[in-house]
Amino acid sequence: MYRGKSIKELNELFLKNELTKEEAFFKANSLAHYFQDDYNSFVTILDKVKIKDTDNVLSGIPYSLKDNFSTSNILTTASSNILKDYVPVFDATVYKKLKKAGASLVGKCVLDELAMGGTGTTGHTGIVKNPYDKTRMIGGSSAGSVASVALGITPFSIGSDTGDSVRKPASFGGVVGFKPTYGLISRYGLFPFASSLDHVAVVSRNVEDSAIVVDNIKGLDPLDMVTYDSSKISLLDSINNDIKGKKLFYIKEICGKDTYKDSDDEELKKVIDSFYELLDNLRKMGFIIEEVSVDKALLEAMYPTYMCISCAEATSNNANLTGIQFGTRGSGESYEDIMFDARTKGFSELIKRRFILGSYILQKENQEKLFLNAKRVRRLIVSKINDLFKEYDGMIAPCSGGVAPHFDKTSEKLSERYLILENHLVIGNFGGFPSITLPFMKIDNLPVGVNITGRVKDDALVLNMAKKIEEITGLKNIYAEVGDVDV
Ligand code: GLN
(Lines give C-alpha, C1' and ligand atoms only; values in the text may rest on other atoms or scores of the structure.)
Protein backbone atom coordinates (compact mmCIF):
# COMPACT_ATOMS: atom_id res chain seq x y z
CA MET A 1 0.00 0.00 0.00
CA TYR A 2 2.72 2.50 0.93
CA ARG A 3 6.18 0.94 0.94
CA GLY A 4 8.14 1.35 -2.28
CA LYS A 5 5.61 3.67 -3.92
CA SER A 6 6.86 6.58 -6.01
CA ILE A 7 5.90 10.21 -5.43
CA LYS A 8 3.41 10.10 -8.27
CA GLU A 9 1.82 6.87 -7.08
CA LEU A 10 1.42 8.20 -3.55
CA ASN A 11 -0.04 11.43 -4.87
CA GLU A 12 -2.59 9.42 -6.85
CA LEU A 13 -3.54 7.44 -3.74
CA PHE A 14 -4.11 10.72 -1.90
CA LEU A 15 -6.26 12.09 -4.71
CA LYS A 16 -8.34 8.91 -4.82
CA ASN A 17 -8.71 9.03 -1.04
CA GLU A 18 -7.19 5.59 -0.74
CA LEU A 19 -4.49 6.82 1.61
CA THR A 20 -4.39 9.93 3.77
CA LYS A 21 -1.32 12.07 4.18
CA GLU A 22 -1.25 11.27 7.92
CA GLU A 23 -1.37 7.55 7.15
CA ALA A 24 1.52 7.92 4.71
CA PHE A 25 3.59 9.68 7.36
CA PHE A 26 2.89 7.08 10.03
CA LYS A 27 3.62 4.21 7.67
CA ALA A 28 6.99 5.80 6.86
CA ASN A 29 7.53 6.41 10.57
CA SER A 30 6.83 2.79 11.46
CA LEU A 31 9.15 1.55 8.72
CA ALA A 32 11.85 3.93 9.94
CA HIS A 33 11.61 2.48 13.47
CA TYR A 34 11.32 -1.08 12.22
CA PHE A 35 14.54 -0.95 10.18
CA GLN A 36 16.55 1.30 12.50
CA ASP A 37 18.30 -1.39 14.57
CA ASP A 38 19.38 -3.36 11.54
CA TYR A 39 20.37 -0.62 9.10
CA ASN A 40 20.76 2.61 11.10
CA SER A 41 19.49 5.09 8.50
CA PHE A 42 18.58 7.79 11.01
CA VAL A 43 20.11 9.97 13.67
CA THR A 44 16.64 11.29 14.51
CA ILE A 45 13.24 9.81 13.65
CA LEU A 46 10.37 12.27 13.92
CA ASP A 47 7.22 10.87 15.52
CA LYS A 48 4.97 13.83 14.89
CA VAL A 49 3.77 15.56 11.77
CA LYS A 50 1.76 18.64 10.95
CA ILE A 51 0.21 17.93 7.58
CA LYS A 52 0.22 20.87 5.24
CA ASP A 53 -2.43 20.22 2.65
CA THR A 54 -1.40 21.93 -0.57
CA ASP A 55 -2.01 21.16 -4.24
CA ASN A 56 1.66 20.50 -4.71
CA VAL A 57 2.46 16.95 -5.78
CA LEU A 58 4.87 16.75 -2.82
CA SER A 59 2.17 17.55 -0.27
CA GLY A 60 2.04 14.72 2.24
CA ILE A 61 4.95 12.85 0.66
CA PRO A 62 7.26 11.48 3.38
CA TYR A 63 10.96 12.20 2.90
CA SER A 64 14.21 12.18 4.82
CA LEU A 65 16.99 14.73 5.08
CA LYS A 66 20.71 14.22 5.56
CA ASP A 67 21.66 15.40 9.04
CA ASN A 68 23.94 18.12 7.71
CA PHE A 69 20.97 20.33 6.74
CA SER A 70 19.91 22.84 9.31
CA THR A 71 16.40 22.28 10.70
CA SER A 72 15.18 24.67 13.39
CA ASN A 73 14.20 22.94 16.64
CA ILE A 74 15.33 19.59 15.31
CA LEU A 75 18.68 18.09 16.28
CA THR A 76 21.27 18.54 13.49
CA THR A 77 24.50 16.69 14.18
CA ALA A 78 26.28 16.24 10.81
CA SER A 79 26.99 12.84 12.44
CA SER A 80 29.82 14.41 14.44
CA ASN A 81 30.39 14.35 18.18
CA ILE A 82 31.14 18.04 18.15
CA LEU A 83 27.53 18.71 17.11
CA LYS A 84 25.87 15.83 18.95
CA ASP A 85 23.52 18.15 20.87
CA TYR A 86 23.23 21.00 18.38
CA VAL A 87 19.71 22.25 17.68
CA PRO A 88 19.75 24.99 15.04
CA VAL A 89 17.63 28.11 15.15
CA PHE A 90 17.16 28.44 11.41
CA ASP A 91 16.04 26.35 8.43
CA ALA A 92 18.09 25.40 5.38
CA THR A 93 16.51 26.79 2.21
CA VAL A 94 15.86 23.29 0.88
CA TYR A 95 14.00 22.32 4.06
CA LYS A 96 12.02 25.54 3.96
CA LYS A 97 10.98 24.90 0.37
CA LEU A 98 9.95 21.33 1.09
CA LYS A 99 7.94 22.50 4.08
CA LYS A 100 6.19 25.03 1.87
CA ALA A 101 5.40 22.32 -0.68
CA GLY A 102 3.91 20.27 2.16
CA ALA A 103 6.30 17.31 2.17
CA SER A 104 6.48 15.44 5.49
CA LEU A 105 9.90 15.11 7.13
CA VAL A 106 10.29 11.60 8.58
CA GLY A 107 13.83 11.84 9.89
CA LYS A 108 17.36 13.14 9.73
CA CYS A 109 19.80 10.70 8.14
CA VAL A 110 23.17 9.39 9.24
CA LEU A 111 26.17 10.48 7.17
CA ASP A 112 29.90 10.02 7.27
CA GLU A 113 31.10 12.54 9.84
CA LEU A 114 30.77 16.07 8.42
CA ALA A 115 30.10 14.49 4.99
CA MET A 116 33.76 13.52 4.67
CA GLY A 117 34.00 9.90 3.68
CA GLY A 118 32.62 7.33 1.31
CA THR A 119 31.79 4.37 3.49
CA GLY A 120 28.83 5.23 5.72
CA THR A 121 30.83 3.90 8.65
CA THR A 122 32.12 7.03 10.37
CA GLY A 123 29.00 8.70 11.78
CA HIS A 124 28.96 9.21 15.56
CA THR A 125 25.85 7.05 15.95
CA GLY A 126 27.25 3.99 14.16
CA ILE A 127 27.54 2.39 10.76
CA VAL A 128 24.87 2.24 8.06
CA LYS A 129 24.35 -1.17 6.46
CA ASN A 130 23.47 -2.01 2.89
CA PRO A 131 19.80 -3.05 2.60
CA TYR A 132 20.76 -5.63 -0.04
CA ASP A 133 23.35 -7.30 2.17
CA LYS A 134 23.95 -6.37 5.79
CA THR A 135 27.57 -7.49 5.61
CA ARG A 136 28.29 -4.75 3.09
CA MET A 137 28.47 -1.00 3.26
CA ILE A 138 26.04 1.26 1.45
CA GLY A 139 28.75 3.83 0.79
CA GLY A 140 28.67 7.46 1.73
CA SER A 141 28.63 10.06 2.77
CA SER A 142 24.84 10.24 2.23
CA ALA A 143 24.54 6.72 3.64
CA GLY A 144 21.33 7.03 5.65
CA SER A 145 19.60 8.97 2.88
CA VAL A 146 20.26 6.20 0.39
CA ALA A 147 19.33 3.46 2.89
CA SER A 148 16.05 5.23 3.68
CA VAL A 149 15.07 5.17 0.00
CA ALA A 150 16.56 1.74 -0.76
CA LEU A 151 14.60 0.21 2.13
CA GLY A 152 11.38 1.72 0.83
CA ILE A 153 10.94 3.92 3.91
CA THR A 154 10.68 7.17 1.96
CA PRO A 155 10.31 7.72 -1.79
CA PHE A 156 12.98 10.38 -1.71
CA SER A 157 15.69 11.87 0.42
CA ILE A 158 17.87 14.95 0.27
CA GLY A 159 21.63 14.52 0.47
CA SER A 160 24.76 16.45 -0.36
CA ASP A 161 27.42 15.61 -2.91
CA THR A 162 30.94 17.11 -2.81
CA GLY A 163 32.87 14.34 -4.57
CA ASP A 164 30.27 11.63 -5.19
CA SER A 165 28.45 11.41 -1.87
CA VAL A 166 24.99 10.86 -3.28
CA ARG A 167 25.82 9.24 -6.60
CA LYS A 168 28.20 6.56 -5.30
CA PRO A 169 26.00 5.22 -2.49
CA ALA A 170 23.01 5.46 -4.85
CA SER A 171 24.88 3.04 -7.10
CA PHE A 172 25.46 0.59 -4.23
CA GLY A 173 21.87 0.96 -3.04
CA GLY A 174 20.09 0.49 -6.38
CA VAL A 175 18.49 3.94 -6.38
CA VAL A 176 18.69 7.14 -8.39
CA GLY A 177 21.11 9.83 -7.22
CA PHE A 178 20.94 13.18 -8.98
CA LYS A 179 23.34 16.06 -8.46
CA PRO A 180 22.14 19.01 -10.54
CA THR A 181 24.22 21.89 -11.93
CA TYR A 182 26.21 23.90 -9.37
CA GLY A 183 24.00 26.77 -8.29
CA LEU A 184 20.65 25.26 -9.31
CA ILE A 185 19.79 24.48 -5.68
CA SER A 186 20.62 26.74 -2.74
CA ARG A 187 23.01 25.36 -0.13
CA TYR A 188 22.03 27.84 2.53
CA GLY A 189 21.81 25.88 5.76
CA LEU A 190 23.85 22.93 4.46
CA PHE A 191 26.94 22.52 6.61
CA PRO A 192 29.69 23.60 4.22
CA PHE A 193 32.36 21.00 3.48
CA ALA A 194 34.18 22.26 0.36
CA SER A 195 32.21 25.20 -0.98
CA SER A 196 33.52 25.12 -4.55
CA LEU A 197 32.46 21.47 -4.83
CA ASP A 198 29.40 21.20 -2.55
CA HIS A 199 26.02 20.46 -4.13
CA VAL A 200 22.59 19.59 -2.78
CA ALA A 201 21.53 16.31 -4.39
CA VAL A 202 18.45 14.09 -4.47
CA VAL A 203 17.95 10.38 -3.87
CA SER A 204 14.84 8.77 -5.36
CA ARG A 205 13.66 5.48 -6.84
CA ASN A 206 13.07 6.74 -10.37
CA VAL A 207 14.26 9.54 -12.61
CA GLU A 208 10.92 11.32 -12.80
CA ASP A 209 10.75 11.67 -9.00
CA SER A 210 14.17 13.33 -9.01
CA ALA A 211 12.88 15.86 -11.55
CA ILE A 212 9.80 16.54 -9.41
CA VAL A 213 11.87 17.13 -6.28
CA VAL A 214 14.47 19.35 -7.95
CA ASP A 215 11.74 21.42 -9.62
CA ASN A 216 10.47 22.13 -6.10
CA ILE A 217 13.74 22.96 -4.37
CA LYS A 218 15.71 24.81 -7.05
CA GLY A 219 15.89 28.55 -7.48
CA LEU A 220 17.72 31.77 -6.89
CA ASP A 221 18.49 32.39 -3.24
CA PRO A 222 20.24 35.55 -2.04
CA LEU A 223 21.55 33.46 0.86
CA ASP A 224 23.67 31.32 -1.49
CA MET A 225 25.45 33.59 -3.92
CA VAL A 226 26.21 30.89 -6.50
CA THR A 227 22.52 30.25 -7.19
CA TYR A 228 20.91 31.50 -10.38
CA ASP A 229 17.40 32.13 -11.63
CA SER A 230 15.82 28.97 -13.05
CA SER A 231 12.19 29.99 -12.68
CA LYS A 232 11.47 29.40 -16.38
CA ILE A 233 12.84 25.87 -16.29
CA SER A 234 10.74 22.78 -15.57
CA LEU A 235 12.80 19.61 -15.49
CA LEU A 236 9.73 17.44 -15.47
CA ASP A 237 8.36 18.93 -18.70
CA SER A 238 11.18 17.73 -20.92
CA ILE A 239 11.77 14.37 -19.35
CA ASN A 240 10.10 12.42 -22.15
CA ASN A 241 11.67 14.22 -25.10
CA ASP A 242 12.98 12.26 -28.06
CA ILE A 243 16.68 11.50 -27.78
CA LYS A 244 17.33 10.37 -31.35
CA GLY A 245 20.75 11.59 -32.45
CA LYS A 246 21.92 12.55 -28.96
CA LYS A 247 25.62 11.89 -28.64
CA LEU A 248 27.32 10.27 -25.67
CA PHE A 249 30.97 9.45 -25.08
CA TYR A 250 32.67 7.09 -22.69
CA ILE A 251 36.30 7.43 -21.71
CA LYS A 252 38.42 4.45 -22.69
CA GLU A 253 40.72 4.86 -19.67
CA ILE A 254 37.71 4.74 -17.31
CA CYS A 255 35.59 1.98 -18.76
CA GLY A 256 36.88 0.81 -22.14
CA LYS A 257 36.90 -2.99 -22.63
CA ASP A 258 40.52 -2.92 -23.77
CA THR A 259 41.63 -1.20 -20.59
CA TYR A 260 40.65 -4.24 -18.54
CA LYS A 261 41.28 -7.05 -21.02
CA ASP A 262 44.05 -8.56 -18.89
CA SER A 263 42.23 -8.18 -15.61
CA ASP A 264 41.42 -11.25 -13.56
CA ASP A 265 38.72 -9.42 -11.61
CA GLU A 266 35.53 -11.30 -12.53
CA GLU A 267 33.22 -8.75 -10.98
CA LEU A 268 34.81 -5.90 -12.88
CA LYS A 269 34.50 -7.85 -16.13
CA LYS A 270 30.80 -8.44 -15.48
CA VAL A 271 30.29 -4.70 -14.94
CA ILE A 272 32.12 -3.79 -18.15
CA ASP A 273 30.25 -6.46 -20.16
CA SER A 274 26.88 -5.23 -18.90
CA PHE A 275 27.94 -1.68 -19.60
CA TYR A 276 28.71 -2.54 -23.23
CA GLU A 277 25.39 -4.34 -23.50
CA LEU A 278 23.67 -1.20 -22.23
CA LEU A 279 25.54 0.90 -24.81
CA ASP A 280 24.31 -1.42 -27.58
CA ASN A 281 20.75 -1.06 -26.41
CA LEU A 282 21.08 2.71 -26.19
CA ARG A 283 22.43 2.78 -29.75
CA LYS A 284 19.41 0.77 -30.91
CA MET A 285 17.24 3.44 -29.31
CA GLY A 286 18.87 6.16 -31.38
CA PHE A 287 21.81 7.37 -29.27
CA ILE A 288 25.18 7.84 -30.96
CA ILE A 289 27.88 6.58 -28.57
CA GLU A 290 31.61 6.81 -29.13
CA GLU A 291 34.78 5.95 -27.26
CA VAL A 292 37.21 8.78 -26.57
CA SER A 293 40.61 8.77 -24.96
CA VAL A 294 41.77 11.15 -22.24
CA ASP A 295 45.33 11.51 -20.93
CA LYS A 296 45.67 8.89 -18.19
CA ALA A 297 47.85 11.17 -16.09
CA LEU A 298 45.04 13.71 -15.98
CA LEU A 299 42.58 11.05 -14.85
CA GLU A 300 44.96 9.69 -12.22
CA ALA A 301 45.22 13.22 -10.89
CA MET A 302 41.46 13.37 -10.13
CA TYR A 303 41.65 11.87 -6.66
CA PRO A 304 44.70 13.77 -5.34
CA THR A 305 43.34 16.99 -6.86
CA TYR A 306 40.03 16.42 -5.13
CA MET A 307 41.72 15.68 -1.82
CA CYS A 308 43.88 18.83 -2.01
CA ILE A 309 41.00 21.14 -2.81
CA SER A 310 38.40 19.54 -0.55
CA CYS A 311 40.65 19.18 2.51
CA ALA A 312 41.85 22.77 2.17
CA GLU A 313 38.32 24.15 1.85
CA ALA A 314 37.04 21.86 4.61
CA THR A 315 39.71 23.03 7.03
CA SER A 316 38.74 26.62 6.43
CA ASN A 317 34.96 26.03 6.48
CA ASN A 318 35.03 23.96 9.66
CA ALA A 319 37.12 26.46 11.57
CA ASN A 320 33.82 27.71 13.01
CA LEU A 321 33.40 24.45 14.94
CA THR A 322 35.19 25.74 18.00
CA GLY A 323 32.88 24.56 20.75
CA ILE A 324 32.34 28.20 21.62
CA GLN A 325 29.69 29.73 19.35
CA PHE A 326 27.70 26.50 19.02
CA GLY A 327 28.12 22.77 19.33
CA THR A 328 29.44 20.85 22.31
CA ARG A 329 31.38 23.20 24.56
CA GLY A 330 34.90 22.21 25.50
CA SER A 331 36.38 22.91 28.90
CA GLY A 332 39.35 25.10 29.74
CA GLU A 333 40.43 28.47 31.06
CA SER A 334 41.22 30.31 27.85
CA TYR A 335 39.37 30.26 24.54
CA GLU A 336 42.34 28.39 23.03
CA ASP A 337 41.97 25.67 25.67
CA ILE A 338 38.24 25.44 25.12
CA MET A 339 38.70 25.08 21.36
CA PHE A 340 41.50 22.57 21.78
CA ASP A 341 39.40 20.43 24.08
CA ALA A 342 36.23 20.66 21.97
CA ARG A 343 38.01 19.82 18.72
CA THR A 344 40.15 17.08 20.25
CA LYS A 345 37.11 15.29 21.64
CA GLY A 346 34.64 16.35 18.93
CA PHE A 347 36.32 15.03 15.79
CA SER A 348 37.32 11.48 14.90
CA GLU A 349 40.82 10.62 13.67
CA LEU A 350 39.74 10.65 10.03
CA ILE A 351 38.49 14.21 10.29
CA LYS A 352 41.60 15.34 12.10
CA ARG A 353 43.70 13.79 9.36
CA ARG A 354 41.82 15.80 6.75
CA PHE A 355 42.22 19.02 8.73
CA ILE A 356 45.94 18.40 9.11
CA LEU A 357 46.20 17.81 5.36
CA GLY A 358 44.12 20.92 4.70
CA SER A 359 46.24 23.09 7.00
CA TYR A 360 49.40 21.81 5.37
CA ILE A 361 48.04 22.52 1.89
CA LEU A 362 46.99 26.03 2.91
CA GLN A 363 50.24 26.92 4.63
CA LYS A 364 51.75 29.92 2.89
CA GLU A 365 54.84 28.09 1.69
CA ASN A 366 52.78 25.17 0.27
CA GLN A 367 49.90 27.06 -1.31
CA GLU A 368 51.46 27.59 -4.72
CA LYS A 369 52.68 24.02 -5.07
CA LEU A 370 49.68 22.24 -3.62
CA PHE A 371 46.51 24.31 -3.47
CA LEU A 372 46.98 26.46 -6.57
CA ASN A 373 48.36 23.58 -8.61
CA ALA A 374 45.39 21.43 -7.62
CA LYS A 375 43.11 24.20 -8.84
CA ARG A 376 45.05 24.32 -12.13
CA VAL A 377 44.67 20.57 -12.60
CA ARG A 378 40.99 20.88 -11.82
CA ARG A 379 40.69 23.48 -14.57
CA LEU A 380 42.55 21.23 -17.04
CA ILE A 381 40.17 18.36 -16.33
CA VAL A 382 37.10 20.56 -16.66
CA SER A 383 38.38 22.14 -19.90
CA LYS A 384 38.96 18.70 -21.38
CA ILE A 385 35.43 17.60 -20.55
CA ASN A 386 33.96 20.89 -21.77
CA ASP A 387 35.80 20.43 -25.09
CA LEU A 388 34.19 17.02 -25.42
CA PHE A 389 30.82 18.54 -24.55
CA LYS A 390 31.12 20.75 -27.64
CA GLU A 391 30.59 17.62 -29.70
CA TYR A 392 28.77 15.33 -27.25
CA ASP A 393 25.68 15.76 -25.10
CA GLY A 394 26.91 13.66 -22.23
CA MET A 395 29.44 11.29 -20.75
CA ILE A 396 28.48 7.77 -19.65
CA ALA A 397 30.32 5.36 -17.33
CA PRO A 398 29.64 2.72 -14.70
CA CYS A 399 29.84 4.19 -11.18
CA SER A 400 32.20 1.54 -9.90
CA GLY A 401 34.02 -1.61 -10.87
CA GLY A 402 31.86 -3.81 -8.70
CA VAL A 403 29.15 -4.12 -6.08
CA ALA A 404 29.14 -2.55 -2.62
CA PRO A 405 32.26 -3.59 -0.68
CA HIS A 406 32.25 -5.63 2.53
CA PHE A 407 32.90 -3.71 5.73
CA ASP A 408 36.40 -5.06 6.10
CA LYS A 409 37.46 -3.57 2.76
CA THR A 410 38.37 0.08 2.67
CA SER A 411 36.63 1.91 -0.16
CA GLU A 412 39.30 4.56 -0.29
CA LYS A 413 42.09 2.29 -1.41
CA LEU A 414 44.32 3.62 -4.14
CA SER A 415 44.85 0.52 -6.26
CA GLU A 416 45.92 1.13 -9.85
CA ARG A 417 42.60 0.12 -11.31
CA TYR A 418 40.33 1.83 -8.85
CA LEU A 419 42.17 5.13 -8.85
CA ILE A 420 40.35 6.06 -12.04
CA LEU A 421 37.23 3.88 -12.24
CA GLU A 422 36.18 4.50 -8.62
CA ASN A 423 36.81 8.25 -8.63
CA HIS A 424 35.55 9.65 -11.91
CA LEU A 425 32.26 10.91 -10.45
CA VAL A 426 34.21 13.85 -9.02
CA ILE A 427 34.35 15.29 -12.55
CA GLY A 428 30.74 16.35 -11.95
CA ASN A 429 31.81 18.37 -8.90
CA PHE A 430 34.93 19.83 -10.51
CA GLY A 431 32.87 21.26 -13.37
CA GLY A 432 29.56 21.76 -11.56
CA PHE A 433 28.04 19.49 -14.23
CA PRO A 434 24.61 17.88 -13.77
CA SER A 435 25.25 14.21 -13.05
CA ILE A 436 22.95 11.29 -12.36
CA THR A 437 23.42 7.72 -11.22
CA LEU A 438 20.81 5.01 -11.69
CA PRO A 439 20.81 1.23 -11.34
CA PHE A 440 21.69 -0.66 -14.52
CA MET A 441 22.63 -4.18 -13.46
CA LYS A 442 22.79 -6.61 -10.58
CA ILE A 443 25.39 -9.17 -9.59
CA ASP A 444 23.90 -11.79 -7.25
CA ASN A 445 21.05 -9.39 -6.45
CA LEU A 446 23.47 -6.56 -5.59
CA PRO A 447 22.91 -3.44 -7.69
CA VAL A 448 25.50 -1.42 -9.61
CA GLY A 449 24.79 2.00 -11.06
CA VAL A 450 25.62 3.77 -14.29
CA ASN A 451 26.26 7.49 -14.49
CA ILE A 452 25.44 10.19 -17.02
CA THR A 453 27.05 13.60 -16.72
CA GLY A 454 26.12 16.49 -18.99
CA ARG A 455 26.81 20.13 -19.79
CA VAL A 456 26.31 22.82 -17.18
CA LYS A 457 22.62 23.81 -17.10
CA ASP A 458 21.64 20.79 -19.25
CA ASP A 459 19.92 19.19 -16.24
CA ALA A 460 16.75 18.51 -18.21
CA LEU A 461 18.63 16.70 -20.96
CA VAL A 462 20.59 14.62 -18.43
CA LEU A 463 17.32 13.49 -16.82
CA ASN A 464 15.80 12.90 -20.22
CA MET A 465 18.69 10.61 -21.22
CA ALA A 466 18.65 8.82 -17.85
CA LYS A 467 14.95 8.10 -18.31
CA LYS A 468 15.81 6.19 -21.51
CA ILE A 469 18.28 4.04 -19.57
CA GLU A 470 15.57 3.32 -17.02
CA GLU A 471 13.29 2.19 -19.87
CA ILE A 472 15.94 -0.23 -21.11
CA THR A 473 16.97 -1.73 -17.78
CA GLY A 474 13.52 -1.83 -16.23
CA LEU A 475 15.25 -1.22 -12.88
CA LYS A 476 12.76 1.43 -11.84
CA ASN A 477 11.16 1.84 -8.41
CA ILE A 478 13.20 -1.03 -7.02
CA TYR A 479 13.95 -1.40 -3.33
CA ALA A 480 15.41 -4.06 -1.07
CA GLU A 481 12.47 -6.24 -0.19
CA VAL A 482 13.75 -7.17 3.25
CA GLY A 483 11.86 -7.30 6.52
CA ASP A 484 8.58 -8.82 7.50
CA VAL A 485 6.43 -5.74 7.27
CA ASP A 486 3.23 -5.16 5.43
CA VAL A 487 2.60 -1.46 5.07
N1 GLN B 1 34.01 10.27 -0.63
C2 GLN B 1 34.38 11.63 -0.87
C3 GLN B 1 35.12 12.17 0.34
O4 GLN B 1 35.36 11.41 1.22
C5 GLN B 1 33.15 12.45 -1.19
C6 GLN B 1 32.45 13.03 -0.06
C7 GLN B 1 31.26 13.87 -0.46
O8 GLN B 1 30.89 13.94 -1.63
N9 GLN B 1 30.68 14.55 0.53
O10 GLN B 1 35.50 13.31 0.41
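The values are calculated or read from the model by the stated rules, or taken from the named source; none is laboratory data. It should be emphasised that the depicted structure is a prediction, and the values quoted were computed from it without experimental measurement. Here Cβ is always computed from backbone atoms with ideal geometry, including for glycine, and neighbour counts include all displayed protein chains. The accessibility values were calculated without ligands, DNA or RNA, using every heavy atom of the protein model including side chains. Shrake-Rupley method; radii C 1.70, N 1.55, O 1.52, S 1.80 Å.
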> How much length is gained on full extension from Glu277 to Asp38, taking 0.36 nm per residue of separation minus their Cα-Cα distance?
Replying inline: 82.5 nm
> Which value, to two decimals, describes the C-alpha radius of gyration of the range 1-103 once divided by 2.2 N^0.38 Å?
Replying inline: 1.13
>> Can you work out the Karplus-derived ³J(HN,Hα) for every residue in the range 222-233? Use 6.51 cos²θ - 1.76 cosθ + 1.60 with θ = phi - 60°, whole Hz, and x for glycine or proline.
In response: x, 7, 10, 5, 8, 6, 9, 6, 10, 5, 8, 9
> Simple spin-label model, 7 Å along Cα-to-Cβ: Leu15 to Asp295 in nm?
Replying inline: 5.4
> What are the ³J(HN,Hα) values, in whole Hz, obtained from phi via the Karplus relation 6.51 cos²θ - 1.76 cosθ + 1.60 with θ = phi - 60°, for each residue of the range 206-216 in sequence order, with x given for Gly and Pro?
Replying inline: 7, 5, 4, 4, 4, 4, 4, 5, 5, 4, 8
> Leaving out ligands, DNA and RNA but keeping every protein chain, what accessible area does Thr125 have, in Å² rounded to the nearest 10, with a 1.4 Å probe?
Replying inline: 60
> What is the sum of charges around Asn29, taking Lys and Arg as +1, Asp and Glu as -1, for the other residues whose C-beta is under 14 Å from the C-beta of Asn29?
Replying inline: +3
>> Counting only other residues whose beta carbon sits under 14 Å from that of Lys284, what net charge do I get with K and R as +1, D and E as -1?
In response: +1
> Among the DSSP beta bridges whose two residues both lie in the range 170-293, what percent are antiparallel, rounded to the nearest 5?
Replying inline: 45
> Restricting the count to DSSP beta bridges whose residues both fall in the chain, what percent are antiparallel, rounded to a multiple of 5?
Replying inline: 70
> How many nm separate the modelled label positions at Met1 and Thr125, each set 7 Å beyond the Cα in the direction of the Cβ?
Replying inline: 2.7
> How large, in percent, is the carbon and sulfur part of the accessible surface of the chain at a probe radius of 1.4 Å?
Replying inline: 50
> Does the range 54-97 classify as rounded, prolate or oblate by the C-alpha gyration tensor (a ≥ b ≥ c root eigenvalues; a/c under 1.5 gives rounded; else a/b over b/c gives prolate, otherwise oblate)?
Replying inline: prolate
> What residues have an amide H closer than 5 Å to that of Ile289, excluding those fewer than 5 places away on the same chain, when H is modeled at 1.01 Å from N in the peptide plane?
Replying inline: Leu248
>> Using a 7 Å offset from Cα along Cα-Cβ at Ser383, what residues in the range 198-217 end up with backbone N under 20 Å from the label point?
In response: none
> Size of the dipole of the chain about the Cα centre, Lys and Arg at +1 and Asp and Glu at -1 on the beta carbon, nothing else charged, in debye to 20?
Replying inline: 760
>> Quick check: convex hull of the Cα atoms in the chain, volume per residue, rounded to a whole Å³?
In response: 137
> To the nearest 0.05, what FRET efficiency results for Lys8 and Lys269 with a Förster distance of 35 Å applied to their C-beta separation?
Replying inline: 0.40
> For the range 138-286, rounded, prolate or oblate, judged on the Cα gyration tensor with a ≥ b ≥ c (square roots of eigenvalues), a/c < 1.5 rounded, else prolate if a/b > b/c?
Replying inline: prolate
> Taking K and R as +1 and D and E as -1, what net charge do the other residues with C-beta under 11 Å from the C-beta of Ile239 add up to?
Replying inline: -4
>> On a straight-distance basis, which lysines could pair with Lys5 in a cross-link, Cα separation under 19 angstrom, same-chain partners fewer than 8 positions away excluded?
In response: Lys16, Lys21, Lys27, Lys467, Lys476
>> Which order do you get for Asp262, Asp133, Asp38 if you rank them by accessible area with a 1.4 Å probe, largest at the top?
In response: Asp262, Asp38, Asp133
> Residue by residue through the range 440-456, which ³J(HN,Hα) values in whole Hz follow from phi under the Karplus form 6.51 cos²θ - 1.76 cosθ + 1.60 (θ = phi - 60°), with glycine and proline marked x?
Replying inline: 10, 7, 9, 10, 6, 6, 9, x, 9, x, 10, 10, 10, 10, x, 5, 3
> Relative contact order for the chain: what is it in percent, counting Cα pairs under 8 Å that are at least 6 residues apart?
Replying inline: 18
> What are the residues whose amide H is under 5 Å from the amide H of Lys457, where those residues sit 5 or more places off or on another chain and H is modelled from the backbone?
Replying inline: Thr181
> Which lysines have a Cα lying under 21 Å from the Cα of Lys375, excluding residues fewer than 8 positions away in the same chain?
Replying inline: Lys296, Lys364, Lys384
> Cα-based Rg (one decimal) and Dmax (whole number) for the range 94-206, in Å?
Replying inline: 13.0, 39
